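Below: one structure, written as structure tokens.
The values are calculated or read from the model by the stated rules, or taken from the named source; none is laboratory data. Remember, it's a predicted structure, so these values are computed and weren't measured experimentally. Here Cβ is always computed from backbone atoms with ideal geometry, including for glycine, and neighbour counts include all displayed protein chains. Accessible surface areas use protein heavy atoms only, side chains included; no ligands, DNA or RNA. Shrake-Rupley method; radii C 1.70, N 1.55, O 1.52, S 1.80 Å.
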Amino acid sequence: MSPLILKGLTKRYGATPVVDDLSLEIAAGRCHGLLGPNGAGKTTTLRLALGLIEADAGEIRLLGHRLPREAAAARQRVGVVPQADSLDPDFSVRENLLAYGRYFGLSRRETEARIPALLEFAGLSNKAEAKVPTLSGGMKRRLTLARSLINDPELIILDEPTTGLDPQARHLFWQCLRRLIQQGKTLLLTTHFMDEAERLCDRISIIDHGRIIAEDSPRALIERHIEPHVVEVFGEGLADWVGCGRSLCQRCEQAGETLFCYTDEPTAVTEAIDRQGGLRYLHRPANLEDVFLKLTGRDLRE
Ligand code: ADP
């Protein structure tokens, strides 16, 4: 059975639906990504799925439990990595894990028995006695992830887990997530990083205005929604060349000082750029970010 089933979920704040008749089913043992611009309704969807807020309409099944009635029982089997770190700054790494174990009703002995493996998993074995403020951002995030595993959850829900991390720390965090996937855990994550979603997720739902506007594997989303090649054109004389670019490719989008040419035939585009002189370009395969921008637009959402 799917660890999480949402059916016709709606949540309004005032008259505006923030989550709008949203249905979603995630597969056991897989990593499912929720992508969407700011304000699309991702966090609200996660909060509904955890029974932290009540829906105005729709059904939620979390690990077989009907929410909101059985939310407490369901949450016993779920791990949560919230957007902001909520570690206790007065406690050491070990004490944070002990406190969280108590929250799940584990005995001190049970929690203590689990701590060494969790610290090893998070690469924090030599930091057990360190106080939280002395940890780097990446360490804090990995501790939050380790903490979410204290109850050995079947499903782990992560809300933008790598926001604010530098590339090295993100890669280390991804390794931890991959290990969880290999262990058979189910992951549901929101992210603004398309490369993160493309690497980790088996399936992705793109959300906008509280609705799912596309859902598939990353590869299938790219194949279905976008031309395979992108030529990003920039440099002197671009304004004069835009018409030529538009005539040579299936779709063009101008963003700032760059013209994005989406095409099946990149050579025609790059040869024309070379003939023009002064222009520069980057030719690359289409990726998930191209799909995301096509479906949700390039306007800034703040
Ligand atoms: P996302 O996580 O995709 O950025 P959210 O789910 O946080 O989006 O928010 C979706 C929309 O709902 C936003 O416009 C936000 O301002 C609004 N919203 C979220 N929580 C509340 C609340 N408690 N009261 C009023 N509006 C809210």
Please find, within segment 3-36, the residue that is farthest from the ligand (Cβ to nearest atom) out of those that are at pLDDT below 95 and not in a strand (DSSP E or B). 15
Taking segment 156-185 and keeping residues acidic (Asp, Glu) and either open to solvent by less than 70 Å² (accessible area, probe 1.4 Å) or within 15 Å of the chain's Cα centre (by Cα) (or both) leaves 159, 160
May I ask you to verify whether residue 165 is in contact (Cβ under 8 Å) with a residue 12 or more places away in the chain and either within 23 Å of residue 76 (Cβ to Cβ) or polar (S, T, N, Q) (or both)? no
Just give me the residues in segment 121-149 being open to solvent by 30 Å² or more (accessible area, probe 1.4 Å) and over 23 Å from residue 159 (Cα atoms), in sequence order. 125, 126, 127, 129, 131, 134
Of the criteria (1) closer than 30 Å to residue 22 by Cα; (2) buried (at least 19 other Cβ atoms within 10 Å of the Cβ), which one residue 233 fails: (1)
Could you tell me how many of the residues in segment 210-248 are in contact with a His (Cβ under 8 Å, 6 or more places away or on another chain) and within 16 Å of the ligand (Cβ to nearest atom)? 1
Only residues in segment 40-61 that are farther than 18 Å from residue 161 by Cβ count as the first member; pair them with residues that are within 8 Å of the ligand (Cβ to nearest atom) and in a helix (DSSP H, G or I), Cβ under 6 angstrom, at least 6 apart or cross-chain, and list the lot. 53/47
Step by step: first the residues of segment 63-84, then only those that are open to solvent by less than 50 Å² (accessible area, probe 1.4 Å) and within 16 Å of the ligand (Cβ to nearest atom), then the one that is nearest to residue 105 (Cα to Cα). Which residue is that? 80
Over segment 273-291, the set of residues under 18 Å from residue 193 (Cα atoms) and open to solvent by 90 Å² or more (accessible area, probe 1.4 Å) is 285, 289
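The rows are residues; the columns are (1) within 30 Å of residue 120 (Cβ to Cβ); (2) under 18 Å from the mean Cα position of the chain (by Cα); (3) open to solvent by less than 40 Å² (accessible area, probe 1.4 Å).
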{"residue": "19", "(1), (2), (3)": "no, yes, yes"}
{"residue": "24", "(1), (2), (3)": "no, yes, yes"}
{"residue": "29", "(1), (2), (3)": "yes, yes, yes"}
{"residue": "36", "(1), (2), (3)": "no, yes, yes"}
{"residue": "50", "(1), (2), (3)": "yes, yes, yes"}
{"residue": "54", "(1), (2), (3)": "no, no, no"}
{"residue": "61", "(1), (2), (3)": "no, no, no"}
{"residue": "88", "(1), (2), (3)": "yes, no, no"}
Report, ordered by the first and then the second residue, all pairs with beta carbons closer than 8 Å, sequence separation of six or more or different chains, a first member in segment 120-132 that is free of Cβ contacts under 8 Å to residues at least 12 places away in the same chain, and a second member that is of a type outside the set (D, E, K, R). 125/116; 125/119
Inspect all residues belonging to segment 90-112 and state whether any of them is among the small types (Gly, Ala, Ser), in a helix (DSSP H, G or I) and within 23 Å of residue 162 (Cα to Cα). no
Could you list, ordered by first residue, the pairs with Cβ atoms under 8 Å in which the first is in segment 192-213 and touching a residue at least 12 places away in the same chain (Cβ under 8 Å) and the second is hydroxyl-bearing (Ser, Thr, Tyr) and part of a helix (DSSP H, G or I), at least 6 apart or interchain? 206/296; 207/45; 208/296; 210/44; 213/296
Expected output for segment 69-82 (first residue under 24 Å from residue 143 (Cα atoms), partner among the basic types (Lys, Arg) and assigned to a helix (DSSP H, G or I), Cβ below 9 Å, 6+ apart or cross-chain) is 79/147; 81/141; 81/147
Condition first: in contact (Cβ under 8 Å) with a residue 12 or more places away in the chain and closer than 29 Å to residue 299 by Cα. Can you find one or more residues in segment 95-104 that meet it? no
Identify all residues within segment 90-120 that are aromatic (Phe, Trp, Tyr) and either open to solvent by 50 Å² or more (accessible area, probe 1.4 Å) or not assigned by TED's automatic domain parsing to the domain that holds residue 191 (or both); write none if there are none. 91, 103
